[in-house]
């Protein structure tokens, strides 16, 4: 009897496991409601190193396991736009990127890929930002975004000016999308944080610039909400953004914002630089499009000081 | 005996130079070839000569070494150091392997053609035009063949392999965007490749001994060589083995003579001779040669040249118009912009041999072969094309490889202040003006903030910002022009400085760095 039960159990378990493996996506969907809702809408940390701040923030959101299922394909999208060294704060802090990948892999992610459609020459930005090394050290996979062939056309149904875009195929294949922008001053969009960082997953940025930049940023935000947003505000470019001219443009703020709501994260980021979220047009439009909440007073915020 | 081993030595040296120079042109992943580019190309005759003519620097005496070498032992340069020579040997190898078994044969010299070409090349140079030298210099021809023909094939193979590997989830390779196609340069490269291959299939080093001005010049020097290859009439059995392996066609076994002005020092004859009848002879006696121009050959070459120059040359890329309102104000004509380190158009065009090494290694694809922007004489010499890319502020790649000194090396600090041109803003083409929406792509990309966004009062009363150029800070890198999204005409462009100038360093006061981390969050 024992043996029969054992065999039955094994076969049944095998079929279930097979189903779960085959229909991983659906299985996750079904599993999702079972999770307890996040206690906090947004976590803000200050006073530590980028990796230590992320450890605290993600712990207070219940750990990365809540966002990264076992066996999932993860895309981490930092800002790697510029050929500048980390102290110039033009790109996301490599230490933060590294820590996020480590968390994902520890939680059982199958693969963690990192890319950006850079502005400056991509091999120089990948190297000089320190991010390529950080990704390799953490066991992630750093991928080029430099060829139009990597981008597939998708439609943006809710878009007003941007109704279609060519998006990097890695993002299209990803189960989990972690958006890791750096908070910066920006000559044209005033600030660049979460939503603006998504410009680096599309091919034709010129179209955005030519067709009402702020509207296009908000339009594309409606295409796919990142699973998680981690705003690097460790070093912050206060002026001459987004490229900066020298280290004199940079403030050491030692802060970080983590949220599943990128509109909220953008609003908090704006506040960190003393700018009202409502003054940034794409935040305003995204709020109106109900892509997230920018009224920080109504959010459950966990404020951590290290 | 020792002389028989010379052939193997020659082949080893030839492979060394050929492989490394080819690698230099094809090293699109920058696997380190650029670290030794200058040293590797030090001996390339024409670039080195041009460099010396202008700088008279010690670092530019590679061609003197070649002259001395030739004076000592003849044109071994052509068989070892010259990559185009080795390319012809590869053709010869394939011909032996797959073609008819027929060997080479003695051919009379075409002195009229080769010396006329040499004289014309020199006359052009003296008159200030490098046109003929650039067209005929074997190193630059080799460079153009590799840069314009072989490199795209290699990129294609890379991209195919990358796609297959990516499909399997492996990202060790990455796809490389195609460089801008330069039809004139591609046409010239194809023409020269066809010419060189045809001539080499016909009779070995016919090109080197008929068309190549470097070959002709070294041939003249070889007349005075200390050591020369000669046939020992007593030992020779007239078997003709040496003549059949002589790709220069310079051994006349019937008369027992070697035309050393055409001998490329390949040493095949030593290896082929079973009677040890060939040897180096110390002698200062020039070999008298009859000059009998061959009209057929002459017209063939003349026609080929005409055809080459007449290649239809339509450059540029198709412009995708992406907005409803096309811009209306055309960009004014501006001088062509040579890369940083070029000093000036005059300096650059007088020294550049259009080998396209800088084009091959430019990671931003901003350097493209020109058409006739520098004039007929400067055809194919590279220029900055800000529709193809922009000069990465901290990149020094091209400054480190130029063998002719057309692009002179400079420090990173100096490069970042070298002003290739200045940005000019055409407000009427700008999105902010035409559409009253924010853009700022130009300012975003500007590494010095010479292009800065300033408040723009507008009819719609929106809080807009519009570009403003501080020309003193501008380095002319072209990032703004590249990024500007308006079509068909951009709203900002770089007007080239015919003589590169020096930009000013932007000065700004320090930010207040005092931040209290115990302070509360502003939300």
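Throughout, read-outs are computed from the coordinates displayed, never taken from laboratory work. No experiment lies behind these values; they were computed from the predicted model shown. Here Cβ is always computed from backbone atoms with ideal geometry, including for glycine, and neighbour counts include all displayed protein chains.
Calculate how many DSSP beta bridges within the protein assembly as shown are antiparallel, expressed in % of all such bridges and rounded to the nearest 5.
DSSP beta bridges in the protein assembly as shown are roughly 70 percent antiparallel.
In square nanometres, what is the average projected area of the Cα convex hull of segment B:1-96?
Over every viewing direction, the Cα hull of segment B:1-96 projects on average to 7.9 nm².
Dividing the Cα radius of gyration by the Kirkwood radius, what Rg/Rh value follows for segment A:84-234?
My calculation of the ratio gives 0.94.
Over chain B, what per residue volume does the convex hull of the Cα atoms give, in whole Å³?
Hull volume normalised by residue count: 213 Å³.
Cut-off 10 angstrom, C-alpha nodes, Gaussian network model of chain A. Which of A:125, A:163, A:227 fluctuates the most?
For chain A, modelled as a Gaussian network with Cα springs under 10 Å, the answer is A:163.
Give me the distance between the Cα centres of segment A:242-306 and segment B:153-227, rounded to whole Å.
Value for the Cα centre distance between the two parts: 54 Å.
Of all beta bridges DSSP finds with both residues in chain A, what is the antiparallel percent, to the nearest 5?
Bridges in chain A are about 50 percent antiparallel.
Can you tell me the equivalent ellipsoid semi-axes for segment A:37-305? Use √(5λ) from the Cα gyration tensor, largest first, whole Å.
22, 22, 20
Enter the per residue convex hull volume of segment B:329-385, computed from alpha-carbon coordinates, in Å³ rounded to the nearest integer.
Normalising the Cα hull of segment B:329-385 by residue number yields 90 Å³.
Using the count of nearby Cβ atoms within 10 Å as a rough guide to exposure, how do B:380, B:168, A:253 rank from fewest to most?
Sorted ascending by nearby Cβ count, the order is B:168, A:253, B:380.
Angle check, please: helix A:94-106 long axis (alpha carbons) against the longest principal axis of chain A (alpha carbons), in degrees 0 to 90, nearest 10.
Tilt relative to chain A: about 10 degrees.
Using the scaling law 2.2 N^0.38 Å as the reference, what is the normalised Cα Rg of segment B:366-417?
Dividing the Cα radius of gyration by 2.2 N^0.38 Å gives 1.23.
If you build a Gaussian network model of chain A, linking Cα atoms that sit under 10 Å apart, which residue out of A:183, A:162, A:96 swings the most?
Top of the fluctuation ranking is A:162.
Tell me the label-point distance for the pair residue A:137, residue B:394, using the 7 Å Cα-to-Cβ offset, in nm and rounded to one decimal.
Taking the two extended label points, one gets 1.7 nm.
Can you give me the distance in nm between label points at residue B:119 and residue B:232, each placed 7 Å from the Cα along the Cα-to-Cβ direction?
In this crude label model, residue B:119 to residue B:232 measures out at 4.1 nm.
Explain nothing, just the number: relative contact order of segment B:345-502, from Cα pairs under 8 Å at least 6 residues apart, as a whole percent.
Worked out over segment B:345-502, it gives 24 percent.
Using R₀ = 30 Å, calculate the FRET efficiency as 1/(1 + (r/R₀)^6) where r is the Cβ-Cβ separation of residue A:252 and residue B:507; round to 0.05.
Using R0 = 30 Å, I get an efficiency of 0.85.
Restricting things to alpha carbons, find the Rg to Rh ratio for segment A:63-157 using the Kirkwood radius for Rh.
1.00
If you project the alpha carbons of segment B:345-502 onto the principal axes, what extent comes out on each, in Å, largest first?
Extents along the principal axes: 56, 32, 24 Å.
Any idea how far the Cα center of segment B:395-468 sits from the one of segment A:50-96, in Å?
So the separation of the two Cα centres works out to 31 Å.
How large is the Kirkwood hydrodynamic radius of segment B:2-282, counting all unique pairs of alpha carbons, in Å?
20.2
Just report the Cα centroid separation between segment B:78-104 and segment A:97-175, whole Å.
48
Applying a 10 Å radius around every beta-carbon, put B:410-416, B:423-429 in order of their mean neighbour count, most first.
Highest mean packing first, the order is B:423-429, B:410-416.
Could you quote the convex hull projected area for the protein assembly as shown, Cα atoms only and averaged over all directions, in nm²?
Seen from a random direction, the Cα hull of the protein assembly as shown projects 44.6 nm² on average.
So for segment B:384-472, Kirkwood radius off the Cα pairs, Stokes-Einstein at 25 °C and 0.890 mPa s: how many µm² s⁻¹?
160
Under the definition of Cα pairs under 8 Å and six or more residues apart, what whole-number percent is the relative contact order of chain A?
Rounded, it is 22 percent for chain A.
Round to the nearest 0.05 the FRET efficiency obtained for residue B:167 and residue B:16 when R0 = 25 Å and r is the Cβ-Cβ distance.
Working from the Cβ atoms, E equals 0.10.
Comparing A:128, A:197, A:211, which has the greatest mean-square fluctuation in the GNM of chain A with Cα pairs linked when under 10 Å apart?
Maximum among the listed residues: A:211.
Among B:178, A:208, rank each residue by its count of other Cβ atoms within 10 Å, from fewest to most, as a rough exposure measure.
B:178, A:208
Okay, helix-only estimate at 222 nm for the protein assembly as shown: each DSSP H run of n ≥ 4 adds -39500 (n - 2.57), divide by all residues, round to 500 deg cm²/dmol; what do you get?
Value at 222 nm, helices only: -11500 deg cm²/dmol.
Give the order of B:251, A:58 when sorted by the count of other beta carbons within 10 angstrom, beginning with the fewest.
A:58, B:251
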